[in-house]
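No value in this document is a laboratory result; all are computed from the given coordinates. If you're wondering where the values come from, they're calculated on a predicted model, not measured in any experiment. A quick note on method: Cβ atoms are made from the backbone with ideal geometry, for glycine too, and the neighbour counts reach across all protein chains shown.
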Amino acid sequence: MTVVLGIETSCDDTAAAVIRRSEDGSYEILSNEVFAQHESHRPYGGVVPEIAARSHVERIDHVIRRALGAAKVEPQALDAIAATAGPGLIGGVMVGLSAAKAMALAHGKPLIPINHLEGHALSARLTEDAPFPYLLLLISGGHTQLVAVEDVGDYRRLGSTIDDAAGEAFDKTAKLLGLGQPGGPRIESAATGGRHDRFAFPEPLARREGCDFSLSGLKTSVRLAAEALGRPDRQDIADLAASFQYALARHLASRTDRAMDALAGKFGASPRLVLAGGVAANCAIKGAMKSLAGDKGWRLIAPPPKYCTDNGAMIAAAGAERFAAGLAPPLEEALGFAPRARWPLAPPPPGQEVGGGRKGPKA
Ligand code: KG4
Ligand code: ZN
């Protein structure tokens, strides 16, 4: 049994959780506290890094105390403390990692700096039977990637976005349709009353081979269609939202289909597709993946929405898996670990190693 506190502060959620991992790899989530900052950022139409960092500072002690209290676990009873050490908004990452360092030092506990993307990559294992290896479709506000997950710490990237992340596409499109933030849930609910076949948005990267995504063009197609309508009414907005969501789901499915083909035969007789990241909470996307997986004879594993969006439990789980695999660094080394704004989970495919910006490590 390993009891781990996980701390997550890489974007606009201040989160902490306590989990217990058994030797057979099953989990008990003893607490999962998330303080979302949507209200503080709402007037600005997006996440403001300085406001996020300050809000993390104001909340972090309280959120950690609540997580320990709800789990009825004293700090002395923890086996390890795990905290997101990147990638993300650097001010926020510093707050969570510094809090974790202080606790580790004060209580003499192992500290495990976690790559936020590894937290998402392993999040399904918290609640589902998801043995290695599996194909991961990670779709969040900052990342959109297809990754072959072979084991803890053994990841191979098969494709990623060349421009916007899926969540970013939802958020920007919601903003231009006047639906507000967070964009994903707003678009999803607007789309429930809309027709997905009213606007036929072009398939991105239609002539390009491989598993990379492009999501910024869709947003432009929506803008042009909205402008052509003049003053879109409620039904127009619902149809635009539904058509956008449909086109995005279809694009994600087409690249996932290719990744499945690339892995065919390598993942055994019952291969698994795992969803992660905030956008994996979307029912239309989950539905598209379910039907793809059904057609291909793969098993779809989609964790509950609260473990898809950013949370402390997935960071604690990544910490517990690293701890169990003997991958926890010595305390001295962990205390010296510098927070990282960029930190790729897996190397890009051969031939695409160089590049910054959206093609670089964060993408
Ligand atoms: O994983 P996450 O909580 O944070 C990052 O690591 O980025 O993902 C946040 C993103 C946001 O862009 C949000 O709009 C999107 O996930 N999202 C959704 C839904 N719920 C959250 N997108 C589509 N449909 C949803 N239901
Ligand atoms: Zn995330």
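Distance in nm between label sites at residue 266 and residue 306, each 7 Å beyond Cα in the beta-carbon direction?
3.6 nm
So, by mean Cβ neighbours within 10 angstrom, what's the order for 175-182, 39-46, 83-90 with the highest one leading?
83-90, 175-182, 39-46
Residue-wise, which Karplus ³J(HN,Hα) couplings in Hz belong to the range 321-335, taking 6.51 cos²θ - 1.76 cosθ + 1.60, θ = phi - 60°, and x for glycine or proline?
Result, rounded to whole Hz: 5, 5, 4, 5, 7, x, 9, 6, x, x, 4, 3, 5, 5, 5.
How much net charge surrounds residue 6 when only the other residues with a Cβ under 15 Å from the Cβ of residue 6 are counted, with Lys and Arg +1 and Asp and Glu -1?
That sum, taken over residues with Cβ under 15 Å, equals +1.
Is it possible to state the helix-based mean residue ellipticity at 222 nm for the chain, with each DSSP H run of 4+ residues giving -39500 (n - 2.57), the sum divided by total residues, to the nearest 500 deg cm²/dmol? What is it?
Helix-only estimate at 222 nm: -13000 deg cm²/dmol.
Report the relative contact order of the range 132-302, percent, no decimals, based on alpha-carbon pairs under 8 angstrom and at least 6 residues apart.
Worked out over the range 132-302, it gives 27 percent.
Taking θ = phi - 60°, what integer Hz values does the Karplus form 6.51 cos²θ - 1.76 cosθ + 1.60 yield along the range 152-158, in sequence order, with x for Gly and Pro?
Running phi through 6.51 cos²θ - 1.76 cosθ + 1.60 with θ = phi - 60° gives 5, x, 10, 10, 10, 7, 9 Hz.
Counting Lys +1, Arg +1, Asp -1, Glu -1, what net charge surrounds residue 17 among other residues with beta carbon under 15 Å of its beta carbon?
Charge balance near residue 17 sits at +1.
Quick query: amide H of residue 213 versus all other amide H atoms, modeled in the peptide plane; which residues come in under 5 Å with a sequence gap of 5 or more or a different chain?
HN-HN under 5 Å from residue 213: 160, 161, 162.
So for the range 132-302, what are the equivalent ellipsoid semi-axes in whole Å, largest first, each being the square root of 5 times an eigenvalue of the Cα gyration tensor?
After diagonalising the Cα gyration tensor, the semi-axes are 30, 14, 14 Å.
For each of 260, 94, 1, count neighbouring Cβ atoms within 10 Å of the residue's Cβ, then give the residues from fewest to most.
Fewest to most other Cβ atoms nearby, the residues stand as 1, 94, 260.
Grab the other residues whose beta carbon is less than 15 angstrom from that of residue 324, score K and R as +1, D and E as -1, and report the net.
Result for the neighbourhood of residue 324: -4.
By counting other Cβ atoms within 10 Å of each Cβ, how are 258, 59 ranked from fewest to most?
With the fewest neighbours first, 258, 59 line up as 258, 59.
What is the gain in length, in nm to one decimal, between residue 44 and residue 28 on full extension, counting 0.36 nm per residue of separation less the C-alpha to C-alpha distance?
Here the answer is 2.0 nm.
Explain nothing, just the number: relative contact order of the chain, from Cα pairs under 8 Å at least 6 residues apart, as a whole percent.
It comes to 24 percent, rounded to a whole number.
Over all directions, the average projected area of the alpha-carbon convex hull for the range 205-259 comes to how many nm²?
3.9 nm²
Using modelled amide H (1.01 Å from N, peptide plane; none on Pro or chain starts), what sits under 5 Å from the amide H of residue 82, excluding residues fewer than 5 places away?
Close amide H contacts, sequence-distant or interchain: 5, 6, 7, 112.
Principal axes first, then extents: for the Cα atoms of the chain, list largest minus smallest coordinate on each axis, whole Å, largest first.
Extents along the principal axes: 62, 50, 37 Å.
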